[in-house]
Amino acid sequence: MRTTFSMDQLELDLSYGIEFGGIRLFDSSATRDKKNVARRRWAILANALKKSTDETSVRRISSFALLSTRQLTAPQYDKAQVSKRTWFEYSLKVNGRAYSLHVAHRDRAFSAEDLMGFNNTGNVCIWPSEEALSYYACSNLNLFDSRRVLELGGGLSCLAGLYIAKYGNPKGVLVTDGNKTSIENVRVILQHNEFVCPTDCAVLKWGEPPSHAHEQYDIIISADCLFFDEARADFVNCLNAYLARDGLALVMAPQRGSTLNNFIRQSEATGLLCDKIVNYNQAIWDKRAALMENRDYVDDVHYPILIQVTKA
Ligand SMILES: C[S@@+](CC[C@H](N)C(=O)[O-])C[C@H]1O[C@@H](n2cnc3c(N)ncnc32)[C@H](O)[C@@H]1O
């Protein structure tokens, strides 16, 4: 089986030869002319976003097979009633206990504004790092007891933050992303789930300085947000601004070439302490071992690594 589409590879390493829809997209011997690459990248992204969301999302989500999905058909999830969205139950099982959330996928084709506007990687699918972070969170719910929790770059579902809000015992949860389409989707999801604590969502762009009296958080979580070279410094500054002095950030992301190490280097340059943990959960480690057999699996771009970040 071939890799059909991999945004992470597109974004990061154009030397991969990826087959998509029978077309060879990037050839290591081909010219690296930036304009052509950008044009093709936009075409691929447009194509992916136009595909039915369950096709793209569910297929990718199954990559670590920690989450299972079931389409919801009850009347309250009728498309016409809930803003042209298809609904799924996302479930994961940790030590025999089931955790589930109702999650909406937008059915609408994406507009030109969507495609040309703010970073859209969070609207393409739920990425394996979010899946792994959700699993890790549900395996360690005590971490969030009475804590103020913030998710950065949570994408179309902010899944990990919402699992914490439903099954942990946090003081409150704010899930965020810089993309307003993602956050519109999350707002609808919030209305169709019950949470144990005050839970809200907001557009939060890492490069926009927080207001003078902004709140700080005991735990910040984030999945797959380290590969944007141009935004990484903003992301690090954002962690510094929002993390409480004795707080902990759980940052999950694949190695992806030098990007994860660049994050560590840039964070440490600002005084943050980073602890890189490759084997942080036995079930995820076992999934990785099984995936190693699959020739489409590229550990460097697919395996989510956990970085625990604290203030010195
Ligand atoms: C690869 S996606 C990951 C989404 C989600 N965490 C997941 O793993 O499914 C990266 C996310 O970072 C967000 N993002 C990128 N640059 C950003 C910025 N400067 N400020 C806020 N969010 C940003 C994107 O909107 C996107 O949702």
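Key figures
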read-out: Ratio Rg/Rh, restricted to region 53-311 and using Cα atoms, in which Rh is the Kirkwood radius; value: 0.94
read-out: Exposure proxy ranking, count of Cβ atoms within 10 Å, fewest first, for LEU66, LEU141; value: LEU141, LEU66
read-out: Simple label model, 7 Å out from Cα along Cβ direction - ASN140 to LYS311, nm; value: 2.0
read-out: Added length on full extension, which subtracts the Cα-Cα distance from 0.36 nm per residue, LEU273 to GLU230; value: 13.3 nm
read-out: Entries of LYS84/LYS166; LYS84/LYS287; LYS84/LYS171; LYS84/LYS276; LYS205/LYS287 with Cα pairs more than 31 Å apart; value: LYS84/LYS287; LYS84/LYS171; LYS84/LYS276; LYS205/LYS287
read-out: Long-range HN-HN contacts of GLN255 with modeled amide H, under 5 Å; value: TYR303, ILE305
read-out: Cβ-based exposure ranking for GLU184, GLU131, GLU230, in which fewest neighbours within 10 Å come first; value: GLU230, GLU184, GLU131
read-out: Fewest-first sequence of CYS238, CYS274, CYS158 by Cβ atoms within 10 Å of each Cβ; value: CYS274, CYS238, CYS158
read-out: Sum of side-chain charges, SER91 neighbourhood, beta-carbon under 14 Å (Lys, Arg +1; Asp, Glu -1); value: +2
read-out: Near-label residues of region 213-243 by backbone N, under 15 Å of a point 7 Å along Cα→Cβ of ALA202; value: 213-221, 238-239, 241-243
read-out: Under-5 Å amide H pairs with LEU243, H placed in peptide plane, nonlocal only; value: TYR217
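Rule-based calculations on the coordinates, nothing more; no lab input. A quick note: this is a predicted structure, and the numbers were derived from the prediction, not measured. Note that we place each Cβ from the backbone using ideal geometry, even for glycine, and neighbour counts take in every protein chain shown.
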